[in-house]
Amino acid sequence: MAYIEFKNVEVRFTDFVAGLRGVNLSIERGEFAFIVGRTGAGKSTLLKLLTKEVRPTSGEVWLDGRELGKMPPAAIPMLRREMGIVPQDFALLPKKRVWENVGYALRAVGATRKQVRSQVPEILDRVNILHRADAFPAELSGGEQQRVAIARALINNPNLLVADEPTGNLDPEQSWEIIELLKHLNLRGTTVLIATHDMMVVERAKGRIIRMESGLVASDSKPVPEVVAEGLFATPETEEPDA
């Protein structure tokens with residue numbers, strides 16, 4: 001079984017409004033995938049099924065061998081601790097400094113003060129924001145605030161990171177910096193799913209692209225690995241002339 005499986009999943013908000021309509025989709029561990037489409041296409045709904053913010057009307061959602069539909073409500077907080085969730089609006093605490101925002105999240109999951117003191121600098125350094133540790137959110141650029149939001153999502157070294165429009169409030173340069181950061185985390189083994197309508201960064205990043213339309217998977221394209229594409233990316237060798 002794949003790391004993530006959506007099996008004939010339907011989500012209906014009302015009798016006349018469907019978020020998803022019979023979605024079948026598999027995502028392997030360690031993939032880096034974009035979920036793209038217009039507003040209302042079903043991108044965010046797909047992610048919220050994984051975080052248990054939305055329940056399927058029918059069908060099955062599997063994560064790492066567990067059917068999420070059978071998970072009791074009491075187990076949902078622990079499930080969310082196993083993943084990193086990056087919201088679109090940063091959701092930083094405005095009266096707390098950068099290190100306090102991350103430290104507060106660590107304390108919320110049971111870390112001791114000693115663990116906070118040792119882990120926060122390491123996490124901030126991973127997302128290249130350690131130099132702004134004493135700044136308040138209002139003193140940061142949009143890209144810096146998003147780095148702090150990602151840092152907070154990394155507190156439990158998650159195997160899965162889901163990001164809903166992480167570049168939606170950023171300019172093109174900041175957007176690419178955030179995507180590069182997420183790609184770097186992916187190279188360390190984290191499965192990364194990004195819902196976005198920012199096609200400039202999608203096309204530049206060359207990841208898997210899952211296109212949603214009207215609650216359905218309209219297309220699904222995976223990049224061809226260089227090691228598999230025989231000769232497509234290699235530089236031809238110059239043959240030695242015959243003696």
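Taken together, the values in this text are just the output of simple stated rules run on the coordinates, not laboratory data. All values reported here derive from a predicted model rather than from experimental measurement. Quick reminder, even Gly has a Cβ in these numbers, built from the backbone with ideal geometry, and neighbours come from all protein chains shown.
Side notes on the structure shown:
- This model, with +1 at the C-beta of Lys and Arg and -1 at the C-beta of Asp and Glu, gives segment 16-69 a dipole about its Cα centre of some 260 debye.
- Pairs of lysines in the chain (C-alpha under 15 Å apart; 8 or more residues apart or interchain): 5
- Label point distance in nm, Thr39-His184, each placed 7 Å from Cα along Cα→Cβ: 3.3 nm
- Summarising the label geometry, the points placed 7 Å from Cα in the beta-carbon direction at Met1 and Leu216 lie 2.7 nm from one another.
- Full-stretch length increase - Asn8, Met199 - with 0.36 nm per residue and alpha-carbon distance subtracted: 66.1 nm
- Positive contributions from Lys and Arg (+1) and negative ones from Asp and Glu (-1), summed over other residues with Cβ under 14 Å from the Cβ of Lys95, come out at -1.
- Net +/- balance of residues flanking Asp134 in space, Cβ distance below 14 Å, scoring K and R +1, D and E -1: +1
- Every helix of 4 or more DSSP H residues in the chain counts as -39500 (n - 2.57), and over all residues that averages to -9000 deg cm²/dmol at 222 nm.
- Using Cβ point charges alone (K and R +1, D and E -1), the dipole size of segment 1-112 about the Cα centre works out to roughly 400 debye.
- Cβ-based charge dipole, segment 47-172, positive-most Cα from Leu130, Leu50, Ala74: Ala74
- Fewest-first ordering of His184, His197 by other beta carbons within 10 Å of each residue's beta carbon gives His184, His197.
- Cα centroid separation - segment 153-208 against segment 1-67, whole Å: 19 Å
- Segment Lys96-Glu139, length gained on full extension (0.36 nm per residue, minus Cα span): 14.3 nm
- Stretchable slack from Asp15 to Arg55, in nm (0.36 nm times residue separation minus alpha-carbon distance): 12.9 nm
- Nearest-20 debye value, the chain charge dipole, Cβ charges on Lys, Arg, Asp, Glu: 1680 debye
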